[in-house]
Amino acid sequence: MSMKGKDVTVFTSLSADEANKLLDDRQKSYEKTEDGYRCRTCGERIMQTTLYISIHIKEFKTCAGPGRVLTVNFPYCPNCEGEPRTARACVHVPQAEWGCSNDYDDR
Ligand SMILES: [Zn+2]
Ligand SMILES: [Zn+2]
């Protein structure tokens with residue numbers, strides 16, 4: 001899958017837990033060495049870019065929310081995948097949980 005120079009949507013409409021698991025599984029798909037992560041396919045050193053995750057309210061049926069965006073590190077293989085121009089995603093969180101969480105930064 002080539003992401004090079006593209007606007008990439010990594011995932012949409014996941015719960016925060018599902019998103020964490022997906023990112024965790026992605027990290028685990030790379031081989032950990034003394035000097036960082038390596039691609040299991042080509043051996044290239046894994047790089048990171050920024051993944052912008054929009055926070056959306058689960059009760060809304062569409063992708064809408066308070067306009068907050070969370071940024072996390074997003075690993076990719078520069079050889080097999082290439083650096084995306086932008087990497088975006090959204091998580092859908094219950095409205096009741098919104099506003100009492102310290103997990104999200106205002107950006
Ligand atoms: Zn959404
Ligand atoms: Zn690779």
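The values are calculated or read from the model by the stated rules, or taken from the named source; none is laboratory data. As the structure is a prediction and not an experimental result, all values here were calculated from the model. Note that we place each Cβ from the backbone using ideal geometry, even for glycine, and neighbour counts take in every protein chain shown.
Of the residues making up segment 82-98, those that are assigned to a strand (DSSP E or B) and among the charged types (D, E, K, R) number 1. Scan segment 66-81 for residues that are more than 16 Å from ligand 1 (Cβ to nearest atom), crowded, with 18+ Cβ neighbours inside 10 Å and assigned to a strand (DSSP E or B) and jot them down. If the condition is that a residue be more than 16 Å from ligand 1 (Cβ to nearest atom), crowded, with 18+ Cβ neighbours inside 10 Å and assigned to a strand (DSSP E or B), then 74, 75, 76 are the ones that fit.
Scan segment 30-43 for residues that are within 16 Å of residue 3 (Cβ to Cβ) and surrounded by 14 or more Cβ atoms within 10 Å (Cβ to Cβ) and the total you get is 2.
Would you please name the residue that is modelled with the lowest pLDDT, looking only at residues in segment 50-107 that are aliphatic (A, V, I, L, M) and out of contact with any Lys or Arg (no Cβ under 8 Å at 6 or more places or on another chain)? So, considering only residues that are aliphatic (A, V, I, L, M) and out of contact with any Lys or Arg (no Cβ under 8 Å at 6 or more places or on another chain), the one modelled with the lowest pLDDT is 96.
Could you grab me the full set of residues in segment 8-22 that are among the polar types (S, T, N, Q) and part of a strand (DSSP E or B)?
Keep residues of segment 8-22 that are among the polar types (S, T, N, Q), which gives 9, 12-13, 15, 20.
Answer for segment 8-22, where residues must be among the polar types (S, T, N, Q) and part of a strand (DSSP E or B): 9, 12, 13.
Scanning segment 1-22 for residues that are touching a residue at least 40 places away in the same chain (Cβ under 8 Å), hydrophobic (A, V, I, L, M, F, W, C) and farther than 14 Å from residue 77 by Cα turns up 8, 10, 11, 14, 16, 19. Annotation note: Cβ proximity below 9 Å between a residue of segment 42-69 that is in contact (Cβ under 8 Å) with a residue 40 or more places away in the chain and a residue that is loosely packed, with under 13 Cβ neighbours inside 10 Å and assigned to a strand (DSSP E or B) (sequence gap 6+ or interchain) occurs for 51/71; 51/73.
Any residue in segment 85-100 that is within 16 Å of ligand 2 (Cβ to nearest atom), closer than 24 Å to residue 2 by Cβ and touching a residue at least 12 places away in the same chain (Cβ under 8 Å)?
Taking segment 85-100 first, the residues within 16 Å of ligand 2 (Cβ to nearest atom) are none.
No; the residues of segment 85-100 include none that is within 16 Å of ligand 2 (Cβ to nearest atom), closer than 24 Å to residue 2 by Cβ and touching a residue at least 12 places away in the same chain (Cβ under 8 Å).
Count of segment 23-65 residues, restricted to those that are within 12 Å of residue 75 (Cα to Cα) and either assigned to a helix (DSSP H, G or I) or among the β-branched types (Val, Ile, Thr) (or both), is 9. For residue 88, state whether it is among the basic types (Lys, Arg), touching a strand residue (DSSP E or B) at 6+ places or on another chain (Cβ under 9 Å) and more than 12 Å from ligand 1 (Cβ to nearest atom). Judged against the criteria, residue 88 is not a match.
Provide a single number: the residues in segment 50-84 that are within 16 Å of ligand 2 (Cβ to nearest atom) and either under 17 Å from the mean Cα position of the chain (by Cα) or among the basic types (Lys, Arg) (or both). Break it down into steps so the answer makes sense when it comes.
Quick first cut of segment 50-84, residues within 16 Å of ligand 2 (Cβ to nearest atom) only: 74-84.
After this cut, where a residue has to be either under 17 Å from the mean Cα position of the chain (by Cα) or among the basic types (Lys, Arg) (or both) as well, the list is 74-78, 81-84.
Summing the residues that are within 16 Å of ligand 2 (Cβ to nearest atom) and either under 17 Å from the mean Cα position of the chain (by Cα) or among the basic types (Lys, Arg) (or both) in segment 50-84 gives 9.
Scan segment 27-49 for residues that are at pLDDT below 95 and touching a Pro at 6+ places or on another chain (Cβ under 8 Å) and the total you get is 1.
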